[in-house]
Each structure stands twice: as structure tokens, then as C-alpha cells.
Amino acid sequence: MSEKKSAAPAAVAAPEAPAAEPKKRKSSGAAQRRGRPPLSPEVYVEFGTNQYNITDVIERAKADYRATHKVGVQSCKVYVKPEEGMAYYVINKVSGKLEL
């Protein structure tokens with residue numbers, strides 16, 4: 001009286017999907033980047049009647065380091081003391097000083 005219906009076979013003819021192509025990752029290189037260039041802020045320190053552009057001080061510190069060392073710059077710290085008129089730097093664990 002009660003008949004059990006058999007489940008539909010699992011291997012029903014399903015349309016075959018083409019093998020999915022592996023997704024390509026975008027490289028994080030700057031060549032792929034579009035739009036605005038990265039922001040490069042200009043930082044100034046004013047002390048008394050003098051004004052110092054910190055970006056220039058950093059570039060001068062790197063140039064001073066490169067004049068005596070052939071290794072590239074991996075780390076750079078610059079300490080500005082306007083009351084002394086000096087900037088002290090530590091680049092790759094090598095210290096030096098510049099006049100402002």
C-alpha cells in the first residue's frame with residue numbers, strides 16, 4: 001500500500017562546467033598603481049626668525065651618509081635642535097650631524 005519512492009540518482013546528467021582558470025593576483029608594485037602619486041608632505045620648523053624645511057634636512061642627511069658609505073639607507077632618524085642650529089641623524093646605526 002505505501003510505496004517508497006526511490007531517490008533520484010545522484011549522477012544526473014549535469015552540464016559540465018569548464019575548468020575554472022586560476023585567479024591571477026595583482027602584484028603590489030607601483031607600476032600597477034593608477035591615480036594620484038603618494039603624498040609627500042612638506043614639514044617646516046620655525047624657531048625665532050628662522051625657518052627650516054625638514055624634508056631638505058632629511059635629504060641632506062642621506063646625502064652626507066652616502067658620501068662616506070656605499071650601503072643603501074635602510075633606517076633613518078633625524079633629530080633637529082634649532083636652538084643649536086644643528087640636525088643630528090642616525091642612518092643604519094651610523095650617526096652624524098649637519099648645520100641647519
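The values are calculated or read from the model by the stated rules, or taken from the named source; none is laboratory data. Note that the structure is a prediction, hence the values are computed from the model and not measured. As a convention, Cβ positions derive from the backbone with ideal geometry for all residues, glycine included, and neighbour counts pool all protein chains shown. Areas reflect the complete protein model, heavy atoms only, side chains present, ligands, DNA and RNA absent. Shrake-Rupley method; radii C 1.70, N 1.55, O 1.52, S 1.80 Å.
Whenever a residue of segment 21-46 is closer than 30 Å to V78 by Cβ, its partners that are modelled with pLDDT of 85 or more and open to solvent by 100 Å² or more (accessible area, probe 1.4 Å), lying with C-beta atoms within less than 9 angstrom and at least six residues away or across chains, give the pairs Y44/Q51; V45/Q51.
The residue that is farthest from Y44 (Cα to Cα), counting only those in segment 63-78 that are surrounded by 12 or more Cβ atoms within 10 Å (Cβ to Cβ) and not charged (D, E, K, R), is H69. Collect the residues in segment 83-100 that are open to solvent by 80 Å² or more (accessible area, probe 1.4 Å), more than 20 Å from V43 (Cβ to Cβ) and not in a strand (DSSP E or B), keeping them in residue-number order. Correct list: K93 only. Output the residues belonging to segment 45-61 that are open to solvent by 100 Å² or more (accessible area, probe 1.4 Å) and farther than 22 Å from G96 by Cβ. If the condition is that a residue be open to solvent by 100 Å² or more (accessible area, probe 1.4 Å) and farther than 22 Å from G96 by Cβ, then E46, T49, Q51 are the ones that fit.
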